[in-house]
Amino acid sequence: MYENFNNKTVLITGGAGFIGSNIAWFLQENFPDCEVIIFDIFRNNETFNNNNLKSFGHYKNLIGFNGNIICGDISKQDDLKKLNDYNIDYIFHLAAISDTRVYDQEVIMRTNVNSFYDILHLAEVNNAKLVYASSGATYGNSTAPQKIGEEEPNTPYGFSKYAMDQIASNYSKTKKNIQIIGLKYFNVYGEREFFKGKTSSMIMQLGHQILSNNAPKLFFGSDKILRDFVYIKDVVHATLLACNPVTNGVYNIGTGISRSFLDIVTILQKELGTNLTVDYFENPHSNYQMNTQADISLSEKYLKYSPKYTLEEGIKQYIPYIKQSFNWNHK
């Protein structure tokens, strides 16, 4: 199923974040002889104009982790030089400005796009396999199901990931011996996302509202606002499978099934034993995606990826962490 990561060196950029830390833990627990390097800027108090934090990496996601940790910024050459001391076999490149509501084009392009050239160079000089995070945001408001090649990004973040896909494709054509895989993650939820704050999944946010005994808040028409929600364990599974693909390329990672925000509230209330009335309000956002649904046919064919968790199963497993993190907020 997976490559044997034992006696290999794996670099995870953004490894103190949500997806990165879950990959790090999976490798530590299942491949004890794997050397894992976390490269993360870690969080500080700086915010964007929308008042969201500029960085989400948090040390609490890594308590008990026994690998190497480097505090560094992917956009700074001096920080990246710290990686020259390692012979890297695999790179999971997850570090990025991932807030879809940041509209500062320069900072997003410098951080997400410019640094990608350095990561590609690092993969080349180490002859390392590279798996990087693209995003379902590259599709914008395109018609569901979203298919590779039909991208219509409508935010700076979505465009930055679209640009990375084009750069990776061009690089693959000229450096045919380098393995490069991009993964368009759809709406990921699960353990260790608490420190994403306001950008955490609606599953966590609605779960905390319900645990506060407050009416869960949804936009009017939320029974028709659909997302492809994918559980973090399926995302880790797909990311590791991507180390041994049939061919280079970019692949959608979701469930292939879209579900409504109202479905989330219904499932959460069932699991938490509540029966609160939903509080509906007007959607304040323009360019709002009404339906995301990953066409995963290429992922099934070339990565051998098949999601294991329905929304009901994923939320059921997620409930203990939702309760635990709620207590962090209310001590």
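The values are calculated or read from the model by the stated rules, or taken from the named source; none is laboratory data. Just so it is clear, the model here is predicted, and its values are computed rather than measured. Please note: Cβ atoms are built from the backbone with ideal geometry, for glycine as well, and neighbour counts cover all protein chains shown.
For the reader, a short list of remarks on this structure follows.
- Every residue from region 283-315 that is touching a strand residue (DSSP E or B) at 6+ places or on another chain (Cβ under 7 Å), in a helix (DSSP H, G or I) and farther than 19 Å from GLY136 by Cα: GLY314
- Exactly one residue among ILE23, ILE38, ILE88, ILE70 is at pLDDT 95 or above and either of a type in the set (Lys, Arg) or farther than 23 Å from ALA168 by Cα (or both), and that residue is ILE70.
- In region 259-282, the condition of being under 23 Å from ALA137 (Cβ atoms), in contact with a Ser or Thr (Cβ under 8 Å, 6 or more places away or on another chain) and not in a helix (DSSP H, G or I) is met by at least one residue.
- For region 212-222, the candidate set comprises residues that are out of contact with any Leu (no Cβ under 7 Å at 6 or more places or on another chain) and farther than 11 Å from PHE281 by Cα; within that set, the residue that is surrounded by the fewest Cβ atoms within 10 Å (Cβ to Cβ) is ASN213.
- Answer residue from region 87-135, given it is outside any loop (DSSP other than H, G, I, E, B) and among the charged types (D, E, K, R) and is surrounded by the fewest Cβ atoms within 10 Å (Cβ to Cβ) among those: GLU106
- Taking region 169-240 and the strands (runs of 3 or more DSSP E) fully enclosed by it, the elements with 3 or more residues that are in contact (Cβ under 8 Å) with a residue 12 or more places away in the chain and either under 13 Å from TYR318 (Cα atoms) or of a type in the set (A, V, I, L, M, F, W, C) (or both) are at 180-185, 229-231.
- Residue check for TYR318: outside any helix (DSSP H, G or I), of a type in the set (Phe, Trp, Tyr) and either touching a strand residue (DSSP E or B) at 6+ places or on another chain (Cβ under 8 Å) or surrounded by fewer than 17 Cβ atoms within 10 Å (Cβ to Cβ) (or both): no
- Leading residue by the ranking (farthest from ASN187 (Cα to Cα)) among those in region 138-161 that are hydrophobic (A, V, I, L, M, F, W, C) and part of a loop (DSSP other than H, G, I, E, B): ILE148
- Lone qualifier among TYR231, TYR185 - being aromatic (Phe, Trp, Tyr), more than 24 Å from MET109 (Cα to Cα), at pLDDT 95 or above and within 13 Å of the chain's Cα centre (by Cα): TYR231
- Residue within region 21-35 that is part of a strand (DSSP E or B), of a type in the set (D, E, K, R) and within 16 Å of ILE74 (Cα to Cα) present: no
- Residue under evaluation TYR103, criteria (1) out of contact with any helix residue (DSSP H, G or I) (no Cβ under 7 Å at 6 or more places or on another chain); (2) within 28 Å of TYR288 (Cβ to Cβ), criterion not met: (1)
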